[in-house]
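Report on the following structure.
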Amino acid sequence: MSRTAAGPEIERLIQLLGKLPGLGPRSARRAALHLLTRKDKLLEPLSDAMRLACERVTTCSVCGNVDTQDPCAICRDPRRDGATIVVVEDVSDLWALERSGAVSARYHVLGGTLSPLDGRGPEDLNLATLADRAGAAEVREVILAVNATVEGQTTAHYVTDLLADADVKVTRLAHGVPVGGELDYLDDGTLAAAIRSRTTF
């Protein structure tokens, strides 16, 4: 018979923390204890921040990003290149590209990938609005910044077919050797993609 060392409120906190990505039962317990022993400095401000996020954060009706305004700050930014749309799977991918500072374009968040085994079809993704956006006169290029997985590539092929009638160039991210990577440590698929995508030196 298992015993609990804490009351139901603490157990509920642990269970909810355990549902976060990267946190298992033990990590959730440590995180909960850390928060509870620092109520004034961590738990209360975190609680307030989460309440405000719950009340104010919404999904952008244009691109699918999350923000406190609709349209989001990226869609409203006049300095963005309106001729390019970067298609990503999730908001986390959008944030990763923004952190890199490599692109200053508009985005489109699909909300996942096509995966028949998981029951995710085209109707489950944010695809209809992408076709409409790509058909706009100012749009010249759609960059498919999806993951190099089977589901990601399947989704990329579907999007390419979807945009076949649009007057846009459809490109994808290069695959291959990462910056600072050593060939001996790379998998066979990455090496093969690097050879196929080789460029002039």
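Rule-based calculations on the coordinates, nothing more; no lab input. Please read all numbers here as calculations on a predicted model, not as lab measurements. Heads up, the Cβs are rebuilt from the backbone with ideal geometry, glycines too, and the neighbour counts pull from every protein chain shown.
In the chain, the longest principal axis of the Cα atoms and the axis of helix 8-17 are about 20 degrees apart.
Seen against the Cα atoms of the chain and their longest principal axis, helix 150-162 is set at about 50 degrees. Within the shell of other residues whose beta carbon sits under 14 angstrom from the beta carbon of G152, the net charge comes to -3, with Lys and Arg scored +1 and Asp and Glu -1.
Which of the three applies to region 94-201, rounded, prolate or oblate, going by the alpha-carbon gyration tensor with a ≥ b ≥ c and a/c under 1.5 meaning rounded? Cα axes put region 94-201 in the prolate bin.
Relative to the current alpha-carbon distance between S47 and W95, full extension at 0.36 nm per residue lengthens the span by 14.9 nm. Relative to the longest principal axis of the Cα atoms of the chain, the long axis of helix 44-56 lies at roughly 40 degrees. Using a basic spin-label model with each label point 7 Å from the Cα along Cα→Cβ, how many nm lie between R76 and L117? Placing both labels 7 Å beyond Cα along the Cβ direction yields 4.2 nm. Qualifying trypsin sites (Lys or Arg not before Pro) in region 23-76, where qualification requires a DSSP coil assignment and no more than 15 other C-beta atoms within 10 Å, comprise R38. Put simply, when 8-21, 98-111 are sorted by average Cβ atoms within 10 angstrom per residue, most first, you get 98-111, 8-21. Using the Cβ-Cβ distance between S27 and D161 with R0 set to 35 Å, the FRET efficiency works out to roughly 0.25.
Within the same chain, aspartates and glutamates fewer than 8 places from K39 are excluded, and of the rest, those with a Cα less than 18 Å from its Cα are E9, E11, D48. Values (1) 112; (2) 148; (3) 220 are given for comparison; volume of the Cα convex hull per residue in Å³, derived from the coordinates here, is the one labelled (3).
Only helices enter the 222 nm calculation for the chain: every DSSP H run of n ≥ 4 contributes -39,500 (n - 2.57), and dividing by all residues gives -11500 deg cm²/dmol, rounded to 500.
Over the chain, Cα pairs under 8 Å with separation of 6+ residues give a relative contact order of 13 percent. Note on R198 and E138: their simple-model spin labels are 4.1 nm apart, each label 7 Å out from Cα toward Cβ. For K169, a cut-off of 20 angstrom between C-alpha atoms picks up these aspartates and glutamates, skipping any fewer than 8 places away in its own chain: D81, E89, D132, E138, E141, D161. Cysteine residues of the chain whose C-beta has no other cysteine C-beta under 4.7 angstrom: C54, C63, C75.
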